[in-house]
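Working notes, beginning with the structure itself.
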Amino acid sequence: MQLICDGLDLSDAVLKVSKAVATKTTNPILEGIKLVAEEDTLTLSATDTELSIEKKIKAEIKVEGTTIVPGRFFSEFIKKLSNEKIELELNDKNQLKIKYEDSESYIQCFLPDQYPGFNNVDSSEYFSISHNNFKNLINKSIFSVAVDDSRPILKGTLLEINAKEVKAVALDGYRLAIVTQSIASSTVNGGVVVPARSLSEISKLLDDGEDLVTVYIGNKYIMVDLGDTKVISRILEGDFLNYKQIIATDFATEITINKNQLTNSLERASLLSKVGQNNLVKFDIKENALVLTSNSEIGNIKENINITLNGKDLFIAFNARYFMEAFRTTNDEFVKIKFNSPSNPCVVVPSNGKEEYLYLILPVRII
């Protein structure tokens, strides 16, 4: 293998695929990045068997070939060479020579025979969505995914797809996020559960534009096709929680509130509550005000926020972090929060009536 490529292109490609390099594995070859030189293209790929990322760049290929380089070292090394033309050459000792300017270095490589293949998902089931909508779908829901291993299926996000839209559902037992985005086209009518880590890495590859990305859905994997970059993720097996049955349809108390005012008050209150390590804040809702309080051994905070109230007065407590993480994902000036009782979850929705998102948050029982 021998080729010449642009250092900036190579650095960008290595950065992207290195996110799929295995970090804790009994198989050292999974810590590598695969390089394939053929025709006028250098293809880089990495996998930890759950997540695979492939990136193609243009290159001047003098000798075609394949090798596996140590992922972490190669990534760090190439990052320092992003402004030069780089020549890569594999010798008969299975060493990759990296030539740049008037210097050269050698890296001992793995034999490619045992490296898992990057298999495209060959499926007629797919949907197309803009970069911006897909990124919003992921970022506005993924923070609610479970992080512990007690229920593995909840470490993923459920994607429910039909002809017009895709819905992302994530929950961890204390909160629930439902986000809906429109799609350009679809042959899918069903749902899959995708690991949160995979979606997080996919989100980093998306921009804020309207160009379309295609998501193919197979029996065990999904593939996200971004043109020169492809991502394949394992689909989680098992039954996702029947989330619809935990969302009330009628509420006794409903408030409309300025999101930024509530966020700022929650942030100040949570500073005090963290001293006691409980992050507990209390909402006292009556007339046209929400009185937010937080207490600890070093003091207390009491803040008044104007609201529009429909329904009954209510006194209820929450973990402030759950509200703050939800509010960081929205650009709305006002939100609606709906309640039933101090022991029932509340629901946060847009104040304009659109169904772009719904956040459900469980209260904390006050003894």
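In table form, for the structure just shown:
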{"read-out": "Only one of Lys336, Lys302 that is in a strand (DSSP E or B), more than 15 Å from Lys140 (Cα to Cα), among the basic types (Lys, Arg) and open to solvent by 80 Å² or more (accessible area, probe 1.4 Å)", "value": "Lys302"}
{"read-out": "Every residue from region 49-66 that is open to solvent by less than 70 Å² (accessible area, probe 1.4 Å), within 15 Å of Asp225 (Cα to Cα) and either of a type in the set (D, E, K, R) or more than 31 Å from the chain's Cα centre (by Cα) (or both)", "value": "Glu54, Lys55"}
{"read-out": "Some residue of region 202-214 being over 12 Å from the mean Cα position of the chain (by Cα), buried (at least 21 other Cβ atoms within 10 Å of the Cβ) and in a strand (DSSP E or B)", "value": "yes"}
{"read-out": "Strands (runs of 3 or more DSSP E) within region 68-170 that include 2 or more residues crowded, with 20+ Cβ neighbours inside 10 Å and under 32 Å from the mean Cα position of the chain (by Cα)", "value": "126-130, 156-161"}
{"read-out": "Residue, farthest from Ser75 (Cα to Cα), within region 28-62, restricted to residues that are without any contact (Cβ under 8 Å) to a residue 60 or more places away in the chain and not in a strand (DSSP E or B)", "value": "Glu39"}
{"read-out": "Any hit, region 254-276, residues being in contact with a Gly (Cβ under 8 Å, 6 or more places away or on another chain) and among the acidic types (Asp, Glu)", "value": "yes"}
{"read-out": "Selection count where residues are under 18 Å from Ala46 (Cβ atoms) and in contact with an Asp or Glu (Cβ under 8 Å, 6 or more places away or on another chain), scope region 99-129", "value": "1"}
{"read-out": "Selection status of Ile307, open to solvent by 10 Å² or more (accessible area, probe 1.4 Å), modelled with pLDDT under 95 and of a type in the set (Val, Ile, Thr)", "value": "no"}
{"read-out": "Any pair with Cβ under 8 angstrom, 6 or more apart, that starts in region 246-269 at a residue that is farther than 15 Å from Ile285 by Cα and ends at one that is aromatic (Phe, Trp, Tyr) and in a strand (DSSP E or B)", "value": "Lys259/Phe334"}
{"read-out": "Pair list, Cβ < 9 Å and 6+ apart or interchain, from region 287-306 residues that are closer than 21 Å to Phe334 by Cα to residues that are in a loop (DSSP other than H, G, I, E, B) and modelled with pLDDT under 95", "value": "Asn306/Asn288"}
{"read-out": "Residue match in region 309-317 (condition: of a type outside the set (D, E, K, R) and closer than 18 Å to Asn260 by Cβ)", "value": "no"}
{"read-out": "Of residues in region 331-351 being polar (S, T, N, Q) and under 26 Å from the mean Cα position of the chain (by Cα), the one modelled with the highest pLDDT", "value": "Ser351"}
{"read-out": "Qualifying residue in region 232-253 (condition: among the charged types (D, E, K, R), open to solvent by less than 40 Å² (accessible area, probe 1.4 Å) and in contact with an Asp or Glu (Cβ under 7 Å, 6 or more places away or on another chain))", "value": "no"}
{"read-out": "Residue in region 172-193 that is farthest from the chain's Cα centre (by Cα), counting only those that are under 23 Å from Glu210 (Cα atoms) and open to solvent by less than 30 Å² (accessible area, probe 1.4 Å)", "value": "Val188"}
{"read-out": "Qualifying residue in region 270-282 (condition: at pLDDT 90 or above, assigned to a helix (DSSP H, G or I) and either closer than 23 Å to Ala170 by Cβ or not aliphatic (A, V, I, L, M) (or both))", "value": "no"}
{"read-out": "Output for region 34-54, where each listed residue is within 18 Å of Ile202 (Cα to Cα) and in contact with a strand residue (DSSP E or B) (Cβ under 6 Å, 6 or more places away or on another chain)", "value": "Leu44, Ser45, Ala46, Glu50, Leu51, Ser52, Ile53, Glu54"}
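Residue-by-condition table, conditions (1) among the acidic types (Asp, Glu); (2) closer than 28 Å to Leu206 by Cβ; (3) in contact with a helix residue (DSSP H, G or I) (Cβ under 8 Å, 6 or more places away or on another chain):
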position	(1), (2), (3)
Lys16	no, yes, yes
Glu31	yes, yes, yes
Lys79	no, yes, yes
Tyr100	no, no, yes
Ser105	no, no, yes
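This table checks each residue for (1) farther than 27 Å from Lys155 by Cα; (2) touching a Leu at 6+ places or on another chain (Cβ under 7 Å); (3) modelled with pLDDT of 95 or more.
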{"site": "Ala22", "(1), (2), (3)": "no, yes, no"}
{"site": "Ile33", "(1), (2), (3)": "no, yes, yes"}
{"site": "Leu42", "(1), (2), (3)": "yes, yes, yes"}
{"site": "Ser45", "(1), (2), (3)": "no, no, yes"}
{"site": "Ala59", "(1), (2), (3)": "yes, yes, yes"}
{"site": "Leu90", "(1), (2), (3)": "yes, yes, yes"}
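The values are calculated or read from the model by the stated rules, or taken from the named source; none is laboratory data. These figures come from a predicted structure and were not determined experimentally. Methodologically, a virtual Cβ is constructed for each residue, glycine included, from the backbone with ideal geometry; neighbour enumeration extends over all protein chains shown. Ligands, DNA and RNA are stripped out before the accessible areas are found, and what is left, the full protein with its side chains, is counted by its heavy atoms. Shrake-Rupley method; radii C 1.70, N 1.55, O 1.52, S 1.80 Å.
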